[in-house]
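K.L.:
Quick one: this structure, given as structure tokens, is what I'll be asking you about.
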Amino acid sequence: MQAAAVDRRATFERNGYLGPVGLLDPADCRRLVDYLRRSDLPEPAVWSKGRAVHERYLFDIATQPAILDRVADLLGTDVVLWGVSAVRRKPGDVHPWHSDIESSAPTGGFVSVWIGLEHTSRDSSLQLIRASHRSGTSVQEARAAHGIGRDDATTRALLQFARDRAPDAELVEPEMTDGEGIFFDGRLWHGTDNRSRSGERLALVLQFAGAGLPVRIPDWSELDWPFRLRDEPRPPVILVRGSDRSGSNTVVPPPPLPPADESPLRTAAHAFDFPLDDPEPEKPWQPFPAFRGPTRTCTDMSCHASVLAGGHSPHPPHAHVEEELLIPLHGEVELVVSNGPVDAEPRTERLRPGSFVYYPSGQHHTIRNPGARSVAYLMFKWRTAEWGAGNDLGTEVVRFEDVAPPEGARAFWTTPLLDGPTGCLGKLHAHATVLAPGAGYEPHEDAHDVAIVMLEGTVETLGREVEQHSVVYCSAGEPHGMRNVGPGPARYVVFELHPPGARG
């Protein structure tokens, strides 16, 4: 275990929690909030916390490296995911202090992750009593010993109960915002009191255990001490790290990936209109979604552009399972590439339009606007069914502002920029192209997805004119062609996403 992981584990064992930690960026939060509000979601498996069994999207959130790597640092090499649930609290709602019954055994071995998604603040987020996991008792048992009812126990009284057994116990009300999470020991005393004046707070709760530890459903008719756990039915758990031959739980496979023909993305052009000169002052980071869905190459492909105000960053360094391309469209941006969520000496790079960066899965990164004026950038994120098969390409920063036409080039020329296999793709290839006025090529089909980002000029493709700050996405097997219909040269960068196994 690395020194940083050892330090995190020591802090966790001492305090009973870690964080807040940045886990999801604003676009991730918005997509997740929209997803959780859908009316067509499947019923959880067996009990209310069994959502990961049938909902691949939530399973993928729970198993992204930024979350699962930390959980494994705390629980060891063999880990199961046993609970995923969404929790809503309106202003004025109180969830009394409690210990989670399923994970309250004094022996420990359980970790929960609480992630704020919407209207998260110090007034609405989780409240904790630090070190209470070392008290050897649950909140409910402590109240019963003092003859205090569930709704009558004050924070002050419970804090004193915890200090009687763990002298360093203290109340913690963390400063949090959307996308940040708290990792806490399953025995820790916690609750919520939404003191916000407006806005329903929405959070996602992920619950893990060391493989082999029995997970049981409580008898919900008795929430106070003594706890009663039902032996049947056993809730389904999903092995997410290592192995489990204990037979203590009902282990089920992860939910299947969505079929490739489920709402597939079609070949289309997308234009963006950025408020670069007059961004909304209360929104220093503004996303502009283009599309998201499966393709013939990717099980999930998304694209959005963003405007970032001067001096701002959308989130702390984070990592995710998807691979990513980021392309500046306007102004100069600063990339921060780090070895983890906390890195005293991260790598930094300045990029302008005519450059891009590729991030492999699990790479911690963020972006900053180092100037005073707003900048804009485009982002692609994707995964495939064979994620994790390999990752020959590491983080790659590519600059091609000053690429000159090859000798003898006239109406149409290209220059290669990037080529190699990734963890998701058989090959990721990129090249820059310049079309002279009137030049172009006839419609054709490719066996791979193609993304084209316009940097300069005007072209005609797919029956419409496409200009600077636009993206054309061509799904594998669908015809597409292009012709320069402007008065000057058209310049663009092409990304080819070859399916897994296609490494030629």
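The values are calculated or read from the model by the stated rules, or taken from the named source; none is laboratory data. Keep in mind that this is a model prediction, so the values were computed, not measured. FYI the Cβ positions are ideal-geometry reconstructions off the backbone, even for glycines, and counts take in every protein chain you see. Ligands, DNA and RNA are excluded from the accessible area calculation, which covers all protein heavy atoms including side chains. Shrake-Rupley method; radii C 1.70, N 1.55, O 1.52, S 1.80 Å.
K.L.:
In segment 169-195, which residues are touching a helix residue (DSSP H, G or I) at 6+ places or on another chain (Cβ under 6 Å), open to solvent by 40 Å² or more (accessible area, probe 1.4 Å) and over 21 Å from residue 23 (Cα atoms)?
P.N.:
Hits for segment 169-195 are 171, 187.
K.L.:
I need the full set of residues from segment 343-359 which are among the hydrophobic types (A, V, I, L, M, F, W, C) and open to solvent by 50 Å² or more (accessible area, probe 1.4 Å), in order please. So that I can check it myself, show each step before the final result.
P.N.:
Taking segment 343-359 as the starting set, the residues that turn out to be among the hydrophobic types (A, V, I, L, M, F, W, C) are 344, 351, 356-357.
Of everything in segment 343-359, just one residue is among the hydrophobic types (A, V, I, L, M, F, W, C) and open to solvent by 50 Å² or more (accessible area, probe 1.4 Å), namely 344.
K.L.:
Determine if segment 204-222 includes at least one residue that is in contact (Cβ under 8 Å) with a residue 24 or more places away in the chain, of a type in the set (Phe, Trp, Tyr), assigned to a loop (DSSP other than H, G, I, E, B) and more than 27 Å from residue 317 (Cα to Cα).
P.N.:
In the first step, residues of segment 204-222 are kept if they are in contact (Cβ under 8 Å) with a residue 24 or more places away in the chain; the result is 204-218.
Filter again for of a type in the set (Phe, Trp, Tyr), leaving 208.
Now restrict to residues that are assigned to a loop (DSSP other than H, G, I, E, B): none.
Checking segment 204-222: not a single residue is in contact (Cβ under 8 Å) with a residue 24 or more places away in the chain, of a type in the set (Phe, Trp, Tyr), assigned to a loop (DSSP other than H, G, I, E, B) and more than 27 Å from residue 317 (Cα to Cα).
K.L.:
Quick check on segment 218-238: of everything there that is in contact with a strand residue (DSSP E or B) (Cβ under 8 Å, 6 or more places away or on another chain) and open to solvent by less than 60 Å² (accessible area, probe 1.4 Å), which residue is farthest from residue 54 (Cα to Cα)?
P.N.:
227
K.L.:
Which number in (1) assigned to a loop (DSSP other than H, G, I, E, B); (2) farther than 21 Å from residue 326 by Cα marks the one condition that residue 442 misses?
P.N.:
Failing condition for residue 442: (1).
K.L.:
Checking residue 457 against (1) buried (at least 20 other Cβ atoms within 10 Å of the Cβ); (2) at pLDDT below 90; (3) at positive phi: exactly one of these is not met. Which one?
P.N.:
Here residue 457 meets the rest and fails (2).
K.L.:
While we're on this one: Mind listing whichever residues of segment 360-379 are among the hydroxyl-bearing types (Ser, Thr, Tyr) and open to solvent by 20 Å² or more (accessible area, probe 1.4 Å)? Write out each step before concluding.
P.N.:
Initial filter on segment 360-379 (among the hydroxyl-bearing types (Ser, Thr, Tyr)): 361, 366, 374, 377.
Across segment 360-379, the qualifying residue is only 361.
K.L.:
Of all the residues that make up segment 293-315, how many are hydroxyl-bearing (Ser, Thr, Tyr) and over 19 Å from the mean Cα position of the chain (by Cα)?
P.N.:
Here is the first cut: in segment 293-315, the residues hydroxyl-bearing (Ser, Thr, Tyr) are 295, 297, 299, 302, 306, 313.
Then keep just the ones that are over 19 Å from the mean Cα position of the chain (by Cα); that gives 295, 297.
Matching residues across segment 293-315 total 2.
K.L.:
Here's something else I'd like to know. Pairs please, first residue from segment 61-81 and within 22 Å of residue 364 (Cα to Cα) and in contact (Cβ under 8 Å) with a residue 12 or more places away in the chain, second anywhere and part of a helix (DSSP H, G or I) and basic (Lys, Arg), Cβ atoms under 8 Å, 6+ apart in sequence or on different chains.
P.N.:
70/8; 73/8; 73/9; 74/8; 74/9
K.L.:
Of everything in segment 287-342, what is modelled with pLDDT under 85, among the small types (Gly, Ala, Ser), assigned to a loop (DSSP other than H, G, I, E, B) and surrounded by fewer than 21 Cβ atoms within 10 Å (Cβ to Cβ)? Give them in sequence order.
P.N.:
Correct list: 340 only.
K.L.:
What number of residues within segment 183-202 satisfy the criterion of being of a type in the set (A, V, I, L, M, F, W, C), over 27 Å from residue 251 (Cβ atoms) and within 25 Å of the chain's Cα centre (by Cα)?
P.N.:
So the first thing to find is which residues in segment 183-202 are of a type in the set (A, V, I, L, M, F, W, C), and the list is 183-184, 188-189, 202.
Those left that are additionally over 27 Å from residue 251 (Cβ atoms): 189, 202.
Those still in the list that are within 25 Å of the chain's Cα centre (by Cα) too: 202.
Number satisfying all stated conditions: 1.
For every residue, the table says whether it meets (1) β-branched (Val, Ile, Thr); (2) touching a Ser or Thr at 6+ places or on another chain (Cβ under 7 Å).
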site	(1), (2)
317	no, yes
323	no, yes
327	yes, no
338	no, no
343	no, no
346	no, yes
351	no, no
369	no, no
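K.L.:
Which residue, of 132, 103, 48, is farther than 29 Å from residue 156 by Cα and among the polar types (S, T, N, Q)?
P.N.:
Working: 132 fails: farther than 29 Å from residue 156 by Cα; 103 fails: farther than 29 Å from residue 156 by Cα.
Matching residue, one of 132, 103, 48: 48.
K.L.:
Search segment 13-52 for residues being surrounded by fewer than 21 Cβ atoms within 10 Å (Cβ to Cβ) and of a type in the set (Phe, Trp, Tyr), and hand back the single one that is nearest to residue 117 (Cα to Cα).
P.N.:
The residue in question is 35.
K.L.:
Oh, and also: When you go through 243, 198 one by one, which is the residue that is polar (S, T, N, Q), within 29 Å of residue 175 (Cβ to Cβ), open to solvent by 10 Å² or more (accessible area, probe 1.4 Å) and in contact (Cβ under 8 Å) with a residue 12 or more places away in the chain?
P.N.:
Numbers: 243 fails: within 29 Å of residue 175 (Cβ to Cβ).
None of the other options fit; the residue is 198.
K.L.:
Could you check segment 470-498 and list, in sequence order, the residues that are over 17 Å from residue 441 (Cβ atoms), surrounded by fewer than 21 Cβ atoms within 10 Å (Cβ to Cβ) and either in contact with a His (Cβ under 8 Å, 6 or more places away or on another chain) or of a type in the set (A, V, I, L, M) (or both)?
P.N.:
Within segment 470-498, 476 is the sole residue that qualifies.
K.L.:
Which numbered condition in (1) part of a strand (DSSP E or B); (2) within 20 Å of residue 195 (Cβ to Cβ) is the only one that residue 156 fails?
P.N.:
Against the list (1) part of a strand (DSSP E or B); (2) within 20 Å of residue 195 (Cβ to Cβ), residue 156 comes up short only on (1).
K.L.:
Still on this structure: Among the residues of segment 406-432, write down those that are at pLDDT below 90, more than 22 Å from residue 292 (Cα to Cα) and surrounded by 13 or more Cβ atoms within 10 Å (Cβ to Cβ).
P.N.:
Of everything in segment 406-432, those that are at pLDDT below 90, more than 22 Å from residue 292 (Cα to Cα) and surrounded by 13 or more Cβ atoms within 10 Å (Cβ to Cβ) turn out to be 409, 411, 412, 413, 414, 415.
K.L.:
Please tell me if residue 451 is on the phi < 0 side of the Ramachandran plot, surrounded by fewer than 19 Cβ atoms within 10 Å (Cβ to Cβ) and either touching a helix residue (DSSP H, G or I) at 6+ places or on another chain (Cβ under 8 Å) or not hydroxyl-bearing (Ser, Thr, Tyr) (or both).
P.N.:
Judged against the criteria, residue 451 is not a match.
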